Amino acid sequence: MKHPAGFKSFIWTIPVLAFIVLVPTAVVLAGNGEGGFDGVVDSIETQYHAHATRIPFMSLISLVAGTATHDGVRGLHVAEFEHFDATVDSEQLKQMVEKKLGTGWELMVRETHRGGEQTLIYCHPEGKHMGLFIIDHEHGELDVVQVSVDPDHLNDSVGKYKHHGSHESTEIGE
């Protein structure tokens with residue numbers, strides 16, 4: 001049986017197209033481990049058999065916060081685990097968080113107490129902003145927060161609330 005001349009070139013495109021479509025799909029499926037904020041929250045839910053309450057409309061709240069602070073705060077994510085009575089190994093939690101956050105995040109604060117309470121604060125440079133990832137476990141609650149802040153804007157905002165009775169001069173020549 002004879003096939004038209006164009007058929008031979010078409011028949012070879014099928015394996016090439018299949019390769020182009022299937023290989024990236026396989027890579028995505030193999031790298032199924034979600035990271036970042038959702039990856040950390042999902043891992044905590046799985047590891048400790050707990051359910052996180054995610055704040056509804058957080059993306060809208062984050063947008064409003066960004067607008068209200070003139071882009072000083074953005075990318076706000078919050079999840080709360082109420083009645084979180086699981087025993088948490090502080091080193092295990094730290095390793096899980098670091099694995100899910102990925103490279104570039106550095107542990108800035110680690111505070112642990114004998115009662116199992118602990119706070120982890122990570123930072124990550126994001127251009128002009130600084131990403132902060134906070135986990136706070138105390139009094140039967142575990143809170144997970146991720147936010148990106150502009151350090152200069154934050155410094156200016158905090159400066160507005162300095163004690164006005166201070167005798168320090170901020171102007172030259174006084």
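Every number in this text was worked out from the coordinates using simple rules, so none of it is lab data. Being a predicted model, the structure only gives us computed values, none of them experimental. Note that each Cβ is placed from the backbone with ideal geometry, even for glycine, and that neighbours are counted across all protein chains shown.
Electrostatic tally near PHE37: other residues with Cβ closer than 11 Å to its Cβ, Lys and Arg +1, Asp and Glu -1, net -1. The 3J(HN,Hα) values that the Karplus relation (6.51, -1.76, 1.60; θ = phi - 60°) gives for segment 90-96 are, in residue order, 4, 5, 5, 5, 4, 5, 4 Hz. Gly and Pro appear as x.
Taking Cα centre as origin and charging only the Cβ of basic (Lys, Arg, +1) and acidic (Asp, Glu, -1) residues, the dipole magnitude of segment 36-151 rounds to 340 debye.
Here the 3J(HN,Hα) profile of segment 103-120, calculated from phi with Karplus coefficients 6.51, -1.76 and 1.60 at θ = phi - 60°, is 6, x, 8, 10, 5, 9, 9, 9, 10, 10, 10, 4, x, x, 6, 7, 9, 10 Hz, Gly and Pro shown as x.
Excluding residues on the same chain fewer than 8 positions from LYS100, give the aspartates and glutamates whose Cα lies under 19 Å from its Cα. Straight-distance partners of LYS100: GLU34, ASP38, ASP42, GLU45, GLU80, ASP89, GLU91, GLU126, ASP136, ASP143. For segment 76-85, backbone phi angles converted through the Karplus equation (6.51, -1.76, 1.60; θ = phi - 60°) give residue-by-residue couplings of 7, 9, 9, 9, 10, 9, 8, 6, 8, 9 Hz, Gly and Pro being listed as x. When only Cα pairs below 8 angstrom with a gap of at least 6 residues are kept, segment 36-151 shows a relative contact order of 26 percent.
Going from the fewest other Cβ atoms within 10 Å to the most, the residues HIS129, HIS49 appear in the order HIS49, HIS129. Stretching the chain fully between GLN92 and THR46 yields a gain of 15.2 nm (0.36 nm per residue, less the alpha carbon separation). The fewest-to-most ranking of HIS137, HIS77, HIS51 by surrounding Cβ atoms within 10 Å reads HIS51, HIS77, HIS137.
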